[in-house]
């Protein structure tokens, strides 16, 4: 595995390299948690649109569910690979630091890198989610009206 070759790096550079992998691992774990949440959300939305009899909205929601399910599966694979790589890198880094007798933790923060990583995690705005939240709110409002006495009575 080429990713785990840190032999040519100094202790500080090796530490930064491993830290970058750990950061990616944490971001991927967060992405998986978000993907789990997305799958649950879109499953519920498919059920809601189907129950309301809106075939167009149900089809769009089903399509989005297929996308988020595929993305979740992809992230699970990436996460497994990253966990294995990080495990190997940590062990190699411990040996590297011990043999060099150096402290690589000269901590510097790269604000531009942190901002770029944040933007990568957040991603673009999702218009379909907004429409589905609106439908969910309407369904909740109708349910509340029903519970409160059947809503407004028309004469």
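The values are calculated or read from the model by the stated rules, or taken from the named source; none is laboratory data. No experiment lies behind these values; they were computed from the predicted model shown. We place every Cβ from the backbone using ideal geometry, glycine too, and count neighbours over all the protein chains shown.
Some notes on this structure:
- Residue match in region 17-27 (condition: within 30 Å of residue 134 (Cα to Cα), at pLDDT 90 or above and in a helix (DSSP H, G or I)): yes
- Restricting region 1-13 to residues that are closer than 22 Å to residue 78 by Cα and in contact with a helix residue (DSSP H, G or I) (Cβ under 8 Å, 6 or more places away or on another chain), the residue that is surrounded by the fewest Cβ atoms within 10 Å (Cβ to Cβ): 1
- Members of region 52-70 that are over 16 Å from residue 131 (Cβ atoms) and more than 19 Å from the chain's Cα centre (by Cα): 53
Table: residues versus (1) farther than 30 Å from residue 137 by Cβ; (2) assigned to a helix (DSSP H, G or I); (3) modelled with pLDDT of 95 or more.
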site: 7; (1), (2), (3): yes, no, no
site: 30; (1), (2), (3): no, yes, no
site: 33; (1), (2), (3): no, yes, no
site: 49; (1), (2), (3): no, yes, no
site: 53; (1), (2), (3): no, no, no
site: 56; (1), (2), (3): no, yes, no
site: 88; (1), (2), (3): yes, yes, no
site: 105; (1), (2), (3): yes, no, no
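- Test result for residue 33, free of Cβ contacts under 8 Å to residues at least 12 places away in the same chain and either within 25 Å of residue 98 (Cα to Cα) or touching a helix residue (DSSP H, G or I) at 6+ places or on another chain (Cβ under 6 Å) (or both): no
- Among the candidates 98, 40, the residue that is surrounded by fewer than 13 Cβ atoms within 10 Å (Cβ to Cβ), modelled with pLDDT of 85 or more and on the phi < 0 side of the Ramachandran plot is uniquely 40.
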